[in-house]
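Scroll down for the structure; my scribbles are underneath it.
The values are calculated or read from the model by the stated rules, or taken from the named source; none is laboratory data. Note that this is a predicted model, so its numbers are computed, not measured. Positions of Cβ are backbone-derived with ideal geometry, glycine not excepted, and every protein chain shown enters the neighbour counts.
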Amino acid sequence: MRDQRRRLTPTPEPTQLATPYATSEGSPLPTPHLDEIAPRVYNGRSQRDGSLMAKEKRDEKAICPRGEDYSRWYTDLVQRAELADYSPVPGCMVIRPNGMALWENIRDALDGMFRETGHQNAYFPMLIPVEFLAKEAAHVEGFAMECGVVTHSGLEPDGEGGLRPKGKLDSPFILRPTSETIIWHMYGQWIQSYRDLPILINQWANVMRWEMRTRLFLRTREFLWQEGHTAHANGEEAVAEALTILEVYRRFAEDYMAVPVLTGYKSEAEKFAGAVTTYCIEAMTQDKRAIQAGTSHYLGQNFAKAFDVTFQTEANERDYVYATSWGVSTRLIGALIMAHSDDKGLVIPPRLARTKVVVVPIARKDEDKAVVMPVVEQLRAELKSLGVKVDDDPNRSPGFKFAEHELRGVPLRIEIGRRDVEAGQLTLARRDTGEKVTLPLGGDLLGAVSELLEQIQADLFAKALAFRDENMHTADSYDEFKQILGAEGGAGFIRAHWDGTSETEKRIQEETGATIRVIQARDDDEPGVCMVTGAPSARRVVFARSY
RNA sequence: CGGGGUGUGGCUCAGCUUGGUAGAGCGCACGGUUCGGGACCGUGAGGCCGGCGGUUCAAAUCCGCCCACCCCGACCA
C-alpha cells in the first residue's frame, strides 16, 4: 500500500433511480458501491515548482480532486479526457477529436436554431486592414492592445540557419479579434434601401486575441466561435433581434448543455466595446464563480456611423443602419465542464455527447464470448440510432474500460457478461450518479435507454439549478456583501443594490474582486439604496467573482 | 515589471550537498497468464541530463552567462 492515500471520491448517498427499471437489488450480480472500490490519490503533474507534490507518492491515474485544487482539476481533466492539448505556440490550444466532437455538437444545435430564426451563414476574411479598427473609438479602446498584427509577407534566410520575415507590407493587417469592422465595411456596399434590410448573417470562424493569461477553452489567444451580425432599419427591431438571440442562447444553455443561466444586460464597465447594450447569459461553476457563456449586443448606429452605412427609409429619408452582433465560443466547453464534471472525469449531457451509450462486453474465454457477443451485436444494432459504441478491445480489462469511459463522460454504460445473459438481463450504469440498474433483455431497449438518457439530461439540469439557487445570496449592506464573498475564490451570486455608477462598481471590484455580472429584469425588483454609497438604486444587480 | 522556483526518456520525479559518464514509477513494445471497478509476471525499446562557456584527468553534479517554463504579486479582463 502506498502511504498518504486519500479518498478519490466523496461518498455519495445511495439514491433511488426515478425510472421504472428494476434496481440491482435482488440481482445475482455484484454491484460494488463506490465505497468498496479502493480509494486512490492523485499524482500531481504538469507542475514544475517542485514544492507542492514532489515528496508525495500519488496515484498517477487519477485526476486532481476538485476539493484539492479546482483549477488544477480543470486543466487535468481537459488534458486527460483528451479534449485539448497545449500547443507549441503559447496561449493557443489544440482541440483534439473528443473536444472537437463536443464543439461540433454545440455548433450543429446552434446552427439549426439560427436558421430557424431566419439567419444565414457567410464567411468574412481573417485579415482586416488596420485602419478599419480605428474607425469606431470605443472599439479601438477595447481591442487595440490585444490584436495580432501581420506586417510582412514571405521569409528569407537569416544567415544563421533560420528564417526571417522578408517583405514588409505597405499597410499591415490585424488578425480579427471580432469582425464588426470588416462586416460593416461590406454592409456599406450592400445596403442602399430599407428593402435591403434586415440582413441576418452569422459566421463560424476563429478569432485571435493576444491574451496574457490563458486557460484551455476559457481564455485562449485563438478560439472558435460564431459571430452573428445583423443590420436593421430601426432600433426597436435591432433590440428585438438581440433579445431573440439571447433567448436562443438561454434555451441552448439550458436545454442542451443542462446549464441554468441568468439573463439580462451588462453594466457600462462590462459591456462590449462599441455596443449600446450588451445582453448576456451568465452561468455558475461548481466553485461558485460566474462565467459569461454568451453575449448579444445591441450596437445602435455606432458601426453604421463609423463606416458611413446609411439607407433610404420608406419615407425616402436617409438614416444610419441599426446593428446587432452576438456570439458564443469554445468557452462554452469550459462552462460545460465546470458545471457538471466530477473527480472521475467529464460528465457530458446526453444531448451533446457523441457517444451516448458504450457497451462493455465482459467475456474473456471463448465459451463466454460465444454467449455474450451475439447479444452485444443485437444491442449494437438496436441502439445504433442513439450513438452507441461497443468497446470490445481484448487488451483492456473491464475495470479499465469503466474508468476510461467515465473519464470521457459517456452518459450511459451497458455492462454485459455471461451472468447477465444467463439471467436474461443487462446492467446499465449512469455516468452522472454512478448508479447501476439492471434491465431485462428482450424488451423495448431502445425506448428504455432513450428515456433514461432524457432522465439524465433533466437530472443534470435540476442538479445544477439547485446548486445555483443554493448559492444565490442577497446582501443589504456592504459589510454583509463582503462577509458572504469571503476573502477569495467563488462565493456564488450576490444580489445587492448599486447606485448605477462605474465609480462604485470599480471600487467594489478593487476592494472585493467581485464585478457586476448581470443586471436582470425581475418581477420582484424593488428600489433601494446602494450598499456602498447609499444613493438610490432601482433594483438589485448580480455580483460575483468570475472567470 | 518585482520576488521566488524548476529544467534529467512520452509523463511525474530521484540522483547534485561529498564530480567517476544516468535511475525509478507510470506509459510504450513483445510473450505468457488474466478479465463483473483502472490485472499480473517476464523481456525490451527509449535520455548528447535546457543552451553556451569555464574549472578538472574526469561535470547531470562545481562556477559564470543565457534561454524556457511555473508560482506569488502587479497589470489586464
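Yes or no: the stretch A:137-156 includes at least one residue that is away from RNA strand B (no atom under 16 Å from the Cβ), under 23 Å from residue A:271 (Cβ atoms) and surrounded by 20 or more Cβ atoms within 10 Å (Cβ to Cβ).
no
Can you pull out the residues in the stretch A:292-326 that are within 20 Å of residue A:225 (Cβ to Cβ) and surrounded by fewer than 24 Cβ atoms within 10 Å (Cβ to Cβ)?
From the stretch A:292-326, those within 20 Å of residue A:225 (Cβ to Cβ) are A:292-299, A:303, A:323-326; that's our starting set.
Scanning the stretch A:292-326 gives a single hit, A:292.
In the stretch A:365-380, how many residues are free of Cβ contacts under 8 Å to residues at least 24 places away in the same chain and near RNA strand B (Cβ under 9 Å from one of its atoms)? Can you show your working first?
At the first step, the residues of the stretch A:365-380 found to be free of Cβ contacts under 8 Å to residues at least 24 places away in the same chain are A:365-367, A:369-370, A:373-374, A:377-378, A:380.
This time we only want the ones that are near RNA strand B (Cβ under 9 Å from one of its atoms), so: A:365.
Total satisfying the criteria: 1.
List the number of the failed condition for residue A:305; all other conditions in (1) among the basic types (Lys, Arg); (2) in contact with a Ser or Thr (Cβ under 9 Å, 6 or more places away or on another chain); (3) away from RNA strand B (no atom under 16 Å from the Cβ) hold.
With respect to (1) among the basic types (Lys, Arg); (2) in contact with a Ser or Thr (Cβ under 9 Å, 6 or more places away or on another chain); (3) away from RNA strand B (no atom under 16 Å from the Cβ), residue A:305 is out only on (2).
Looking at the stretch A:282-323, which of its residues are closer than 20 Å to residue A:187 by Cβ, of a type in the set (S, T, N, Q) and not in a strand (DSSP E or B)? Even if it seems obvious, please write down each step before you answer.
Applying the first criterion (closer than 20 Å to residue A:187 by Cβ) to the stretch A:282-323 yields A:296-314, A:317-323.
Then drop every residue that is not of a type in the set (S, T, N, Q), which leaves A:296, A:301-302, A:310, A:312-313.
Correct list: A:301, A:302, A:313.
Here's the yes/no breakdown for (1) part of a loop (DSSP other than H, G, I, E, B); (2) at pLDDT 95 or above; (3) of a type in the set (Gly, Ala, Ser):
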position: A:428; (1), (2), (3): no, yes, no
position: A:432; (1), (2), (3): yes, yes, no
position: A:455; (1), (2), (3): no, yes, no
position: A:458; (1), (2), (3): no, yes, yes
position: A:464; (1), (2), (3): no, yes, yes
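So that you can scan it fast, the table gives a plain yes or no per residue for (1) within 17 Å of residue A:446 (Cβ to Cβ); (2) among the aliphatic types (A, V, I, L, M); (3) more than 13 Å from RNA strand B (Cβ to nearest atom):
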site: A:382; (1), (2), (3): yes, no, yes
site: A:391; (1), (2), (3): no, no, no
site: A:394; (1), (2), (3): no, no, no
site: A:398; (1), (2), (3): no, no, no
site: A:402; (1), (2), (3): no, no, no
site: A:407; (1), (2), (3): no, yes, no
site: A:410; (1), (2), (3): no, yes, no
site: A:413; (1), (2), (3): yes, no, no
site: A:418; (1), (2), (3): no, no, no
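Starting from the stretch A:477-502, keep only residues that are closer than 15 Å to residue A:290 by Cβ and assigned to a loop (DSSP other than H, G, I, E, B), then list their pairs with residues that are acidic (Asp, Glu) and modelled with pLDDT under 95 whose Cβ atoms are within a distance under 9 Å, requiring at least 6 positions of separation or different chains.
Going by the 9 Å Cβ cut-off, the qualifying pairs are A:489/A:287; A:490/A:287.
Do we find a residue being in contact (Cβ under 8 Å) with a residue 40 or more places away in the chain and within 15 Å of RNA strand B (Cβ to nearest atom) anywhere in the stretch A:441-451?
Yes, because at least one residue in the stretch A:441-451 is in contact (Cβ under 8 Å) with a residue 40 or more places away in the chain and within 15 Å of RNA strand B (Cβ to nearest atom).
Check the stretch A:68-78 and report whether any residue there is over 30 Å from residue A:402 (Cβ atoms), among the aromatic types (Phe, Trp, Tyr), in contact with a Lys or Arg (Cβ under 9 Å, 6 or more places away or on another chain) and modelled with pLDDT of 85 or more.
No, that holds for no residue.
Those residues that are within 6 Å of RNA strand B (Cβ to nearest atom) and in contact with a Phe, Trp or Tyr (Cβ under 8 Å, 6 or more places away or on another chain), I need them from the stretch A:420-436; list them, please.
Hit for the stretch A:420-436 is A:429, nothing else.
Condition first: crowded, with 20+ Cβ neighbours inside 10 Å, assigned to a helix (DSSP H, G or I) and modelled with pLDDT of 95 or more. Can you find one or more residues in the stretch A:187-197 that meet it?
Yes, some residue in the stretch A:187-197 is crowded, with 20+ Cβ neighbours inside 10 Å, assigned to a helix (DSSP H, G or I) and modelled with pLDDT of 95 or more.
Any idea how many residues of the stretch A:399-422 are surrounded by 15 or more Cβ atoms within 10 Å (Cβ to Cβ) and either more than 31 Å from the chain's Cα centre (by Cα) or β-branched (Val, Ile, Thr) (or both)? Spell out how you get there, then give the answer.
First pass over the stretch A:399-422, keeping only residues surrounded by 15 or more Cβ atoms within 10 Å (Cβ to Cβ): A:401-421.
Subset that is either more than 31 Å from the chain's Cα centre (by Cα) or β-branched (Val, Ile, Thr) (or both): A:410, A:414, A:416-421.
Looking only at that region, the number is 8.
Would you call residue A:252 closer than 27 Å to residue A:183 by Cα and part of a loop (DSSP other than H, G, I, E, B)?
Considered against the rule, which asks whether it is closer than 27 Å to residue A:183 by Cα and part of a loop (DSSP other than H, G, I, E, B), residue A:252 comes out as no.
Give the residue that is nearest to the chain's Cα centre (by Cα), with candidates limited to residues of the stretch A:72-125 that are part of a helix (DSSP H, G or I) and among the acidic types (Asp, Glu).
It comes out as A:104.
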